[in-house]
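Some notes on the structure that comes next.
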Amino acid sequence: MTVPATMRALRQHSLRGPQDMSLITDAPVPRPGPGEVLIRVAAAGINFADLSKSHGTFRDGPQPPYTAGFEAAGEVVALGESVVGPALGARVVGIGDGAFADYMPLPAAAAVPVPDGWTSQQALGLLVNLPTALAALKLGGLAAGQTVLIHAAAGATGQAATILAKHYGATVIGTASPGKHATVLGLGADHVLDSRATDLAVQVKRLTGGTGVDLVLESAGGSTFEHSLAAAKRVTGRVVVFGLAGGEASITNRDLVYKHQIQLIGLNIGVLIDAAPQLFGEIMGDLFALIAAGVLKPGVSTAYDLADGPKALAELEARATVGKLALLPHPDAL
Ligand SMILES: NC(=O)c1ccc[n+]([C@@H]2O[C@H](COP(=O)([O-])OP(=O)(O)OC[C@H]3O[C@@H](n4cnc5c(N)ncnc54)[C@H](OP(=O)(O)O)[C@@H]3O)[C@@H](O)[C@H]2O)c1
């Protein structure tokens, strides 16, 4: 396949959010560096981290101007130096810089084959939402018969966590904006609560006979964080913190001693990949076994044209979306 010299790309021009992201049509097509492959992007995944980056709140995030997006799936069309695989023509999903574009370089060693029978679009989430959800459940020590509170349960990561937690035999209490409750219950959640309620912890206590939950998957932050701490079982309850969609929140050593006697665990999937590669390997192995067993089905996402990326991000920010969001630069290549 001939690779052109220029391409379309969504360029972030400031740190004022997706309003300052726009399509350019003359971006140079990146050349794959040593150990990299170049893919023709069939589908790019939108993540909450794309919003944080556009606002400059992502740790060590890119400085504008930059090509947005970091998750994509598509066909390998060029190989950098010393790449032994994947081969030209293979369909892979991976993480790198500049996914919201026609072409994107990916580290070859971390590019994962699109599962047999899946489209590229269906493979989105395989390296971000699914491993984050499974890592949160594993680090949180979820066991069959336990109860887990999952925030943003209708979102991309929350849906994956809900499906996995039910598979592992847990009782799931999801939270979501009211218009998304049917989606959460449809995934198998046992209960769903309004994520905007001001008495969330009280409602969770009511559902758990006054004791609270064994595990909280805490990605909401802001004022919800305090509810998450209060909703966890005293002494044995765990709170895995992996997102701050609603903003920063704090807890002090005094709180842990006198107010919230719970177990707090931080999770960042990028750091887990670097610092605990063996655990990441186990997580990916488990995910592929669950795919083979039919527990995890091909991913479903809402698709947008590449040019509509800023609109999709604005909807994500407004809490108006359900599930995974995808940009399709080359729908013909799915
Ligand atoms: N640490 C990691 O490695 C890692 C990896 C992946 C994702 N994450 C985190 O996991 C969370 C979910 O990510 P995602 O990409 O799957 O997004 P998502 O869940 O599809 O969308 C975010 C959802 O968060 C909920 N939310 C709660 N408070 C919010 C607020 N103040 N502003 C906006 N949304 C709010 C909204 O759901 P409702 O309106 O239904 O409540 C919204 O739809 C994010 O916090 C993200 O940063 C972390």
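Bear in mind that the values in this text are calculations on the coordinates, not laboratory data. Keep in mind that this is a model prediction, so the values were computed, not measured. With ideal geometry, Cβ positions are generated from the backbone for all residues, glycine too; neighbour counts draw on all protein chains shown.
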Once you have all Cα-Cα distances for the chain, histogram them in 10 Å bins from zero and send the whole-percent values.
-> 6, 26, 33, 23, 10, 2, 0
Cα-projected label distance for THR252 with ASP26, points at 7 Å along beta-carbon direction, nm | 5.8
For the range 112-226, convex hull of alpha carbons as volume per residue, Å³ | 113
Checking LEU126, LEU193, LEU279 against a Gaussian network model of the chain (alpha-carbon springs below 10 Å), the top fluctuating residue turns out to be LEU279
Spin-label pair ASP286/THR2, simplified geometry with 7 Å Cα→Cβ offset, distance in nm = 4.9
In nm, what is the difference between 0.36 nm times the number of residues separating SER52 and ALA87 and their Cα-Cα distance?
-> 9.2 nm
Tell me the trypsin sites (Lys or Arg not before Pro) within the range 1-69 that lie in a loop according to DSSP and have at most 14 other beta-carbon atoms within 10 Å.
-> ARG16, ARG59
Positive dipole terminus of the range 1-146, leading residue within LEU106, PHE48, GLY117 (C-beta point charges) | PHE48
Compute from the Cα atoms of the range 163-257 the Rg and the Dmax, the latter being the longest Cα-Cα distance, and quote both in angstrom.
-> 13.1, 40
Using the alpha-carbon atoms, what tilt in degrees (0 to 90, nearest 10) does helix 156-167 show relative to the longest principal axis of the chain?
-> 60
If unit charges are put on Cβ atoms (+1 for Lys and Arg, -1 for Asp and Glu) and the dipole of the range 295-334 is taken about its Cα centre, the option from SER301, HIS330, LEU313 lying farthest towards the positive end turns out to be SER301
So which residue, out of ALA42, ALA176, ALA110, gets the largest mean-square fluctuation from a GNM of the chain using Cα contacts under 10 Å as springs?
-> ALA110
Amide H contacts of GLY323 (H built 1.01 Å from N, under 5 Å, at least 5 apart or other chain) | GLY155, ALA156
Gaussian network model of the chain, Cα springs within a sub-10 Å range: biggest mean-square fluctuation belongs to which of ALA43, ALA165, ALA90?
-> ALA90
Can you tell me what the convex hull of the Cα atoms of the range 27-95 projects to on average, as an area in nm²?
-> 5.2
Longest exposed-site-free window of the chain, the sites being GluC sites (Glu not before Pro) in a DSSP loop that have at most 13 other C-beta atoms within 10 Å = 82-247
